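First comes the structure, then the notes that go with it.
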């Protein structure tokens, strides 16, 4: 399910565009950058595992990010210590969507409803004997609210979205759902460096509710990001 979902989703998130001209507005951008977030990954309240068997860590989460207008692809890899052993976690986030104006035809200023497709894959190792790794892919749809104001020299965007996903376990029969809340504030700074910069801060909360309750976990992360237009 995960591989099929990502193969379906990638053309949406990474659609090609001709950027051989100056941006008509600074929201018509693509960027490559990094993010660095504080993180808390731990069992959800419905998870029956005690601390001796569950996955729990707070290692910071670095990511490489590609952004294009309303699309985002982020990949993160990290190591952490669990019950005295060094283990790793791997994360992939992909989203793409469109902004529906609720204050008129002006796409550069005002309030919008962002509607998006979202896919993610998270794998975190478990060192407890007899316990499986957390290894879940999810595909979902979400909506929220956004405010945007831009000119040719500066842009500011802030939004929050809620997303519901269908989730499945890799190489297993367990399935369930994931609910996520995310929010960002972005500053768009054209021609500050190369073609320009995007600088901002992101918060995201995820919670998995699976048919096998020992896989019910939640994740919080928040931190800054920066990208260079190209």
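Working only within the range 177-199, note down all residues that are at positive phi and in a strand (DSSP E or B).
196
Looking at 69, 102, 26, can you tell me which residue is on the phi > 0 side of the Ramachandran plot and either touching a residue at least 12 places away in the same chain (Cβ under 8 Å) or over 14 Å from the mean Cα position of the chain (by Cα) (or both)? Break it down stepwise before answering.
Details: 102 fails: on the phi > 0 side of the Ramachandran plot; 26 fails: on the phi > 0 side of the Ramachandran plot.
Step by step, each of 69, 102, 26 is checked, and only 69 is on the phi > 0 side of the Ramachandran plot and either touching a residue at least 12 places away in the same chain (Cβ under 8 Å) or over 14 Å from the mean Cα position of the chain (by Cα) (or both).
Return the only residue of 149, 173, 153 being at pLDDT below 95, in a strand (DSSP E or B) and more than 15 Å from residue 114 (Cβ to Cβ).
149
Keeping to the range 65-101, report how many residues are under 30 Å from residue 155 (Cα atoms) and either part of a strand (DSSP E or B) or in contact with a helix residue (DSSP H, G or I) (Cβ under 8 Å, 6 or more places away or on another chain) (or both).
Qualifying residue count, the range 65-101: 21.
Going by what's in this entry, would residue 57 be described as buried (at least 17 other Cβ atoms within 10 Å of the Cβ), over 29 Å from residue 209 (Cα atoms) and under 21 Å from the mean Cα position of the chain (by Cα)?
no
Mind checking whether some residue in the range 121-137 is within 17 Å of the chain's Cα centre (by Cα) and more than 20 Å from residue 77 (Cα to Cα)?
Looking for residues that are within 17 Å of the chain's Cα centre (by Cα) and more than 20 Å from residue 77 (Cα to Cα), one finds none in the range 121-137, hence no.
Inspect the range 144-160 for any residue being more than 18 Å from residue 183 (Cβ to Cβ) and touching a helix residue (DSSP H, G or I) at 6+ places or on another chain (Cβ under 8 Å) and give the result as yes or no.
Residues of the range 144-160 more than 18 Å from residue 183 (Cβ to Cβ): 150-154.
Imposing the further condition that a residue be touching a helix residue (DSSP H, G or I) at 6+ places or on another chain (Cβ under 8 Å) reduces the set to none.
No, because not a single residue in the range 144-160 is more than 18 Å from residue 183 (Cβ to Cβ) and touching a helix residue (DSSP H, G or I) at 6+ places or on another chain (Cβ under 8 Å).
When the residues of the range 190-221 are narrowed to those that are buried (at least 17 other Cβ atoms within 10 Å of the Cβ) and over 24 Å from residue 50 (Cα atoms), which ends up modelled with the lowest pLDDT?
Across the range 190-221, the extreme among qualifying residues is 195.
Considering (1) touching a helix residue (DSSP H, G or I) at 6+ places or on another chain (Cβ under 9 Å); (2) at pLDDT 95 or above, say which one residue 111 fails and leave the rest.
Result: residue 111 fails condition (1) only.
Okay, residues lined up against (1) modelled with pLDDT under 95; (2) farther than 20 Å from residue 226 by Cα; (3) not in a strand (DSSP E or B):
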residue: 21; (1), (2), (3): yes, yes, yes
residue: 24; (1), (2), (3): yes, yes, yes
residue: 49; (1), (2), (3): no, yes, yes
residue: 63; (1), (2), (3): no, no, no
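For residue 110, state whether it is crowded, with 20+ Cβ neighbours inside 10 Å and assigned to a strand (DSSP E or B).
Answer is no for this residue.
The values are calculated or read from the model by the stated rules, or taken from the named source; none is laboratory data. Just so it is clear, the model here is predicted, and its values are computed rather than measured. Please note: Cβ atoms are built from the backbone with ideal geometry, for glycine as well, and neighbour counts cover all protein chains shown.
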